[in-house]
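Enquirer: Before I ask anything, let me first share the structure, which is written out below as structure tokens.
No lab work stands behind these numbers, since they all come straight from the coordinates. None of these values were measured; they are calculated from a predicted model. Cβ atoms come from the backbone with ideal geometry, glycine included; neighbour counts cover every protein chain shown.
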Amino acid sequence: MEGLAFWVAAVIASLLVGMSKGGLPIVGILSVPVLALVISPVAAASLLLPVYVVSDMFGLWAYRREFDWRILAIMVPATTAGVTLGYATARVVPEDFVTLLVGVIGVSFALNLLLRPKVEGPPRPARVAPGLFWGVVTGFVSFVSHSGGPPYQVYTLPLGLRKAVFAGTSTILFAYVNAIKLIPYYLLGQFSAENLHVALLLMPGSALAVFAGVRMVKLLPEALFFRLVIWALLAVSVKLIWDGARGLAG
């Protein structure tokens, strides 16, 4: 973990983490792929988890009044089960397979939103059964590759939330998920003195980026905000499909 290329990638990744905690959740999914350009994906995920956790604290403050209680009540226990499942199968399920699956889900959902005819009507209610299913998926893939954004958005984007509530609910849920991931990551031996030291150096920039993300959410028109989220979801999901397929083929 040294050299100019590593530090450039690490700083960019940490800024993406911070911006995601400022209410741009899909941005955070880019952090591990960026850092994985210079170190292994497993090492990248382990290095960034403490950065996620510290950035979460600032995101929680920024969105302490903007969230949906019902969505959190449904998805918190479900994501807990998903993280537990990820830990139980950590040495069995290939990470590349999960990466590929998340990408396929994300592409399918994004294309559905972009291509289907516009139908006016009330937003969907936050139903329990779909929320439990997508919550488990979100927790599982978040544990494996910090890629919980696409399955989370499959459930929440059709709910018609205001952009601040959408951003705040996402920030609070993933703050919880990242906190509980610390325990299994530690039990699996994913932390070292070196990566904790590097994470500590990256935390200040990531914390500042949280407020840049909050500012962007406030400035972007609501329709444009969600359009950008969908296109970003599509782009990142295509990248995940490429990474997963290449890993399985290799």
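Enquirer: Which ³J(HN,Hα) values in Hz, rounded to whole numbers, follow from the phi angles of the stretch 133-143 under the Karplus curve 6.51 cos²θ - 1.76 cosθ + 1.60, where θ = phi - 60° and Gly and Pro get x?
Expert: 4, 5, x, 4, 4, 4, x, 5, 6, 5, 5
Enquirer: Now a separate question. So between Ala81 and Val11, what do we pick up on full extension, going 0.36 nm a residue minus the alpha carbon distance?
Expert: 22.0 nm
Enquirer: Using modelled amide H (1.01 Å from N, peptide plane; none on Pro or chain starts), what sits under 5 Å from the amide H of Ser147, excluding residues fewer than 5 places away?
Expert: Distant-sequence amide H within range of Ser147: Ser142.
Enquirer: If packing is taken as the mean number of other Cβ atoms within 10 Å per residue, what is the order of 81-88, 36-43, 218-225, highest first?
Expert: Ranked from most to least packed, the peptides come out as 81-88, 36-43, 218-225.
Enquirer: Take Val104 and Arg91, extend 7 Å from each Cα along the Cα→Cβ direction, and tell me the distance between the two endpoints in nm.
Expert: For Val104 paired with Arg91, the spin-label model returns 2.7 nm.
Enquirer: Report the FRET efficiency, 1/(1 + (r/R0)^6), for Leu248 and Ala73, where r is their Cβ-Cβ distance and R0 is 30 Å, rounded to 0.05.
Expert: It comes out at approximately 0.25.
Enquirer: At 222 nm, what value in deg cm²/dmol follows for the chain if DSSP H runs of at least 4 each add -39500 (n - 2.57) and the sum is divided by all its residues, to the nearest 500?
Expert: -26500 deg cm²/dmol
Enquirer: Could you give each residue of the stretch 60-65 its phi-based ³J(HN,Hα) in whole Hz, using Karplus coefficients 6.51, -1.76, 1.60 with θ = phi - 60°, and x for Gly or Pro?
Expert: 4, 5, 5, 10, 5, 10
Enquirer: Can you list the HN-Hα couplings for the stretch 160-173, worked out from phi with the Karplus curve (6.51, -1.76, 1.60; θ = phi - 60°), rounded to whole Hz and with x for Gly and Pro?
Expert: Taking θ as phi minus 60°, the curve returns x, 6, 4, 4, 5, 5, 4, 5, x, 4, 4, 4, 5, 4 Hz for the stretch 160-173.
Enquirer: Read through the labelled values [x] 79, 44, 31; [y] 51, 46, 37; [z] 53, 38, 30 and report the label of the one computed as Cα extents along the principal axes in Å from the structure.
Expert: Checked against the structure: label [z].
Enquirer: Another question, then. Of Val217, Pro41, Leu187, whose Cα points farthest to the positive end of the dipole of the chain (charges on the beta-carbon: +1 Lys, Arg; -1 Asp, Glu; origin at the Cα centre)?
Expert: Val217
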